[in-house]
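Note sheet for the following structure.
The values are calculated or read from the model by the stated rules, or taken from the named source; none is laboratory data. These figures come from a predicted structure and were not determined experimentally. Quick reminder, even Gly has a Cβ in these numbers, built from the backbone with ideal geometry, and neighbours come from all protein chains shown. To get the accessible areas, we keep the full protein, side chains included, count just its heavy atoms, and leave off ligands, DNA and RNA. Shrake-Rupley method; radii C 1.70, N 1.55, O 1.52, S 1.80 Å.
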Amino acid sequence: MSKGRVIVQCDWNQVYREGDGKFWICYKCLGEASVYSNILCSRDVDGQVRLHPEDDSFKVTYHSQNKLKISYVSEHSQSLSVTFRSASREFTPHGKIKKVTCLDVTNGGLGLSCAENSTTLKIWETSNGTVRRELSGHVGDIFTAKFFPSGLVVLSAGADTQMKVWSAETGACAATISGHKAGVLEVDFVERGRNVVSCSRDGTAKLWDVSQQQCIHTYSTSSGLGVINSFSLHDTQAIDLGPTSGCSNEEVGTEGKILLLALESGKLQAFGLNTKQQLFEVSPTQVGAINCVKFVTGNSFVFGSENGVVGVYDLRNLSEPLKLDQECRSSIKCVKPFGQGFFYATADGSSVYVDETLSLSYEHTGADCDPVYQVAHSNNDVYTSCRDGAIRVYPL
């Protein structure tokens, strides 16, 4: 189902801060003519900022320095209301010409990122972007990097087919793990990180013992899975995972968990992480390659596709999705659970939060049609990484 959307000028908050000028606004919906207008900004005698839409179809229902709520009403189209939030700060640890494709943060004040076509990771302070460590050792592009749950250790992987474990405190590489036959696209941790999972362009996902740097199991099918773009792990009781194999000395915390894979072929494939049993396959219609997938709860998961589709399924009823929307956006670059909802980011510069009712709650602004590649969050802030080299920070 296609929905309309309201789009605002990416730097509207700068016009608002100056208190003089205008910024553009528009409404778009597939199959309909777009509606373009401006919002005039002025400051009255007591210093208060006033906003005046030129087109009566748009209404400003709330405004402040970092928050703007706009409603669109038309007799020919659906009515909708959108809240926009601007960044409180931004920094460019890789320079302004580098696309920042990997991003993670800790609650302890550290951030982690990597730029496109780079073999070096950077660790920086989340308060101001000051770079504290550079991690070098990969011999190909880095595709993914995350802090271990402790926040003191980093796991990275990329085109060289290797995963590397780093000390965030010293920058030393503590271990190199090999076993995939093509680039590693995503990694994640089981519990505290004794075991990790990876997925690759070689069509396999693997469960690893980090301490021994050994592969415990390879998840695939007899016909192969093709490129696995993303995956998600979660505890669940929503479906039968099959008979447990028990946790060996190499496995810690794998029982009761489901492994869900997002495939380039446009399918979603699930396995029992501990049971190693293939559980189900879902093929959403007309979504193209599935770029990302994440569990929102133990019962539900969200995916984003190359065709710009965002879909939500309930494990207890996989016959049809709870949500399947294409809101005039380009490809979905990532999805990130938060609270009872989730963020998703797109190739047209959007970063959106969807709440527990599966309704769009608010959008982040700042990126000028540049893809937003990743979203991360700490206790107090949301961070986005973008093609324009900026890491933007938004208060929660």
- Message: Just to confirm the filter: which trypsin sites (Lys or Arg not before Pro) across the stretch 295-334 are DSSP coil and have at most 13 other Cβ within 10 angstrom of their Cβ?
- Response: 316
- Any chance you could run the full-extension gain for residue 75 through residue 20? It's 0.36 nm times the residue separation minus the Cα-Cα distance, nm to one decimal. 16.7 nm
- Message: So for the chain, averaging the separation of alpha carbon pairs under 8 Å that are six or more residues apart and normalising by length, what relative contact order in percent results?
- Response: 13
- In Å, the C-alpha Rg and Dmax of the chain are 22.0, 74
- Task: Only loop residues by DSSP count here, and only those with at most 14 other Cβ atoms within 10 Å; note down the GluC sites (Glu not before Pro) in the stretch 302-396 that meet that.
- Result: 356
- If we count every other residue with Cβ under 10 angstrom of residue 227's Cβ, Lys/Arg +1 and Asp/Glu -1, where does the sum land? -1
- Message: For a quick check: with amide H placed at 1.01 Å from N, whose amide H comes under 5 Å from residue 361's, ignoring anything fewer than 5 positions away on the same chain?
- Response: 353, 354, 355
- Query: Each residue of the stretch 81-96 in turn: what ³J(HN,Hα) in whole Hz from Karplus with 6.51, -1.76, 1.60 and θ = phi - 60°, glycine and Pro shown as x?
  - Reply: 10, 10, 9, 10, 10, 9, 6, 7, 6, 8, 8, 10, x, 9, x, 7
- Item | Environment charge of residue 290, counting only residues whose C-beta is closer than 9 Å and scoring Lys/Arg +1, Asp/Glu -1 | -1
- Query: Largest first, what is the accessible-area ranking of 391, 216 with a 1.4 Å probe?
  - Reply: 216, 391
- The size of the Cβ-based charge dipole (Lys, Arg +1; Asp, Glu -1) of the chain about the Cα centre, to the nearest 20 debye, is 480
- Message: Tell me which trypsin sites (Lys or Arg not before Pro) from the stretch 180-223 have a DSSP coil assignment and no more than 14 other beta carbons within 10 Å of their own.
- Response: 181, 192
- Across the stretch 1-134, qualifying lysine pairs (alpha carbons under 24 Å, at least 8 places apart or different chains) come out at 15
- Message: Given axes a ≥ b ≥ c from the Cα gyration tensor, I'd like to know whether the stretch 1-121 is rounded (a/c under 1.5), prolate (a/b larger than b/c) or oblate.
- Response: oblate
- Item | For the stretch 53-145, accessible area per residue (1.4 Å probe, heavy atoms of protein chains only), Å² | 48
- Query: Using the Karplus equation 6.51 cos²θ - 1.76 cosθ + 1.60 (θ = phi - 60°), what ³J(HN,Hα) coupling, rounded to whole Hz, does each residue of the stretch 149-159 give in order, writing x for Gly and Pro?
  - Reply: x, 5, x, 10, 10, 10, 10, 10, 7, x, 5
- Item | Listed peptides 128-134, 44-50, 223-229, 253-259 by packing density, highest first (mean Cβ within 10 Å) | 253-259, 223-229, 128-134, 44-50
- Note down the magnitude of the dipole of the stretch 283-396 about its Cα centre, charges +1 on Lys and Arg C-beta and -1 on Asp and Glu C-beta and zero elsewhere, to the nearest 20 debye. 280
- Restricting to aspartates and glutamates and to Cα separations under 12 Å from residue 276, and discarding same-chain partners fewer than 8 apart, the set is 255
- Springs between alpha-carbon atoms under 10 Å, Gaussian network over the chain: tell me which of 239, 142, 123 tops the mean-square fluctuations. 239
- Give me the percent of the accessible area of the chain that comes from carbon and sulfur atoms, probe 1.4 Å, all protein chains in place. 44
- Query: How big is D, in µm² s⁻¹, for the stretch 136-226 by Stokes-Einstein at 4 °C and 1.567 mPa s if Rh is the Kirkwood radius over C-alpha pairs?
  - Reply: 99
- Task: Pop out the ³J(HN,Hα) list for the stretch 27-41 in order, Karplus 6.51 cos²θ - 1.76 cosθ + 1.60 with θ = phi - 60°, rounded to Hz; leave Gly and Pro as x.
- Result: 10, 10, 8, 4, x, 10, 6, 6, 10, 10, 7, 10, 10, 7, 10
- If you take the C-alpha gyration tensor of the stretch 179-271, multiply each eigenvalue by 5 and take the square root, what semi-axes do you get, largest first, in whole Å? 20, 17, 11
- Residue among 196, 334, 266 farthest towards the positive dipole end of the chain, charges placed on Cβ: 196
- Note on the structure: Env charge @ residue 146, Cβ radius under 10 Å, K,R +1 / D,E -1, value -3
